[in-house]
Each structure stands twice: as structure tokens, then as C-alpha cells.
Amino acid sequence: MIIKKETVDGIKVYHVGKNWDDARMADRMNTYVEKSDIKDVIDDDADVFTEDGKLLLRFRKKVLPQEKTELFYDNVKDFAKHISSNRGNATGSETRNVRENPKVMSNIFGYFDRWSPSQKVIFRKAGIKPIVDVRECRFNRDYPDKYKKTIPLIQEIDKLYKKLTPEYYKVQRKKANQTHFKIPGTSFTTITTNINFQTTIHCDKGDDIEGFGNLAVIEHGKYTGGETCFPQYGVGVNVRNGDALFMDVHQPHGNLPISKKTEDTTRLSIVCYLRKNVWLRTQNKTKRMFAKHNKTMKNLGSKDK
């Protein structure tokens, strides 16, 4: 709940206190956020701090260029519609006695730190042990031209990250500069895309614990809902087309249901991050090793069609 409001340099600043104690929060993990959980929804430029002075989020409206936003969407939309069943606690599948992982349109590109089941089979049959346990994702491996056209928007998000949360950015960018396994010109190794996906309440895992999270949205068609929420604090943010949200993803968060006005409505959310194990396993490796590893993986990948 909001306990204090002020305006600083034209930006609304909110201080929030906990609606739930930690025991109540633990009990609600991996369940869906409900409208009744959220007391305030932010829809303007704002900074939000917890009552102990820690930054919870920074939100800015219409700061991502439309041309780069549409370029990203046009090149990633087909890939982003692939069905995944491995999103773990974001779908509530790791608790609550869910028997099988829900199938959602949630995908990654860039670099990742786990092999796919089909890749493991190929390694075993070929008797090959990869140089490092990091892989180039299928999208940028198989569709390099489309991948290159997503980079301008990712670089815009990176610039906003540096501008809005420089103290977090500096630490993360230093790590990103130590590896070739990253999105060019950014502090990110990995991108997650979600289409019309309501996540359960969760904390992000696998990213840089010293970094700060982010969320951008691209809309096609009309809908209501989807607000990104921090239910322990009773606050949500209405992130829409061209907006940028920077947030503490290690605090419990999830989003409200998305109600589509037409069947073909698409809400594509984008999350950019530095994956901790990608950095740890590849830091200070040479550019030559990077090229050799990717070439080997491409050659193996050509058998995986």
C-alpha cells in the first residue's frame, strides 16, 4: 500500500509498505495475483521505494521508439508463438500439486546455460563434450538476420537501464563486458518473450542477483488487464506499448489476467537480463573460443532439424 506520495523533478515518487507479512507472502507464492490483492495501479511516470528506502521500481511511459518496437515485433513474433512447457514457478507448476507444466507462449533467445533434450541426444551420439556449458539459442542460431533486427530495441532498453538505475547497470555491464556470449552493445545475455502469459507470483531465478530487472510490452489488438504487480505491497503497474518498467525482480511479482477484446489480440512482453551462469562459465574466454564453440554448435544443430 502507498504510505507516502511526493513529486520530485516532475516524477511521482511513492513509498510503499507491506500489505502482507512474510508468512502470508510465502503462502501465496506460485498462485495467481487477484484484483483484490492490488490497492493501487500506477499508470504514470513514477519511482517506487519500499518503506526502508529500497528501490522497488522505476516506470516510464512511451520511451521506446515505435519504429524499433515494431521492427522487433515483426521479426520475433513467429518465434515467440512457439509453445513451451518449461517455465517452472512462473506457471505455478513447481508447487500446488500441478501434475504437468502448463503450455504457454514463452521463449528465450540470446544465450542460455542449459542444453535442450535434443541437444543432449546429439552430444551423446556424436561422443562430443562441448567446450562450455552455454548454448546459442535456436532463434539467433537459425535466424541470424531476424535476430539482428531485434537488437536495436534491446539496445534502447539497455540505454534506459543505464539512465534510470545506473548503480545497478554499472555492476551488470562490467560482467557483460567479460563475456562474448551476450547481446551486442548491451549488458544482457538473454531475452525472454511472453505472449498473453499470466504468470503466477514468483521471484526470478538464474539472472544476475546484483542487477535490476526490466519489462517492456508490445501490443497488437485491444485488451484489459495484464498489470505487473507486487502483491506484498499491494501495488501494480500498467505497462503498455512503448513503456519501460525497471523493477526488483527478486521481490515476489506476477501479473493480473489478460482479457482480450479480439481473438487475435497479442500482448508481447519482453524481459532482458544477464544470465548468471552464462557469465560465470564464459567470462574472460577468448573471442576465438567463442567463434569455435558457436561453429561447433551450429554444425551439430544442422542435424537437429
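Where a number appears in this text, it was derived from the coordinates with a stated rule and is not lab data. Please read all numbers here as calculations on a predicted model, not as lab measurements. FYI the Cβ positions are ideal-geometry reconstructions off the backbone, even for glycines, and counts take in every protein chain you see.
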Helix-derived [θ] at 222 nm for the chain: sum -39500 (n - 2.57) over DSSP H runs of at least 4, divide by residue count, nearest 500?
-9000 deg cm²/dmol
At a 10 Å Cβ-Cβ cut-off, how would you order Asp113, Asp45, fewest neighbours first?
Asp45, Asp113
Kirkwood Rh in Å, taken over the chain so that all alpha-carbon pairs contribute
20.2 Å
If we sort 138-144, 19-25 on the protection proxy, mean other Cβ atoms within 10 Å, highest first, what's the order?
138-144, 19-25
Apply the Karplus parameterisation 6.51 cos²θ - 1.76 cosθ + 1.60, with θ equal to phi minus 60°, to every residue of the stretch 128-145 and state each ³J(HN,Hα) to the nearest whole Hz, in sequence, with x for glycine and proline.
10, 10, x, 4, 9, 8, 9, 10, 6, 6, 4, 4, 6, 6, 8, 10, x, 5
Past 18 Å, Cα to Cα, is the threshold; run Lys182/Lys285; Lys162/Lys205; Lys12/Lys61; Lys4/Lys54 against it and keep the listed order.
Lys162/Lys205
Please compute the alpha carbon radius of gyration of the stretch 167-305, then divide it by the globular-protein estimate 2.2 N^0.38 Å. Two decimals is fine.
1.23
Can you tell me the relative contact order of the stretch 2-301? Whole percent, Cα pairs under 8 Å, sequence separation 6 or more.
25 percent
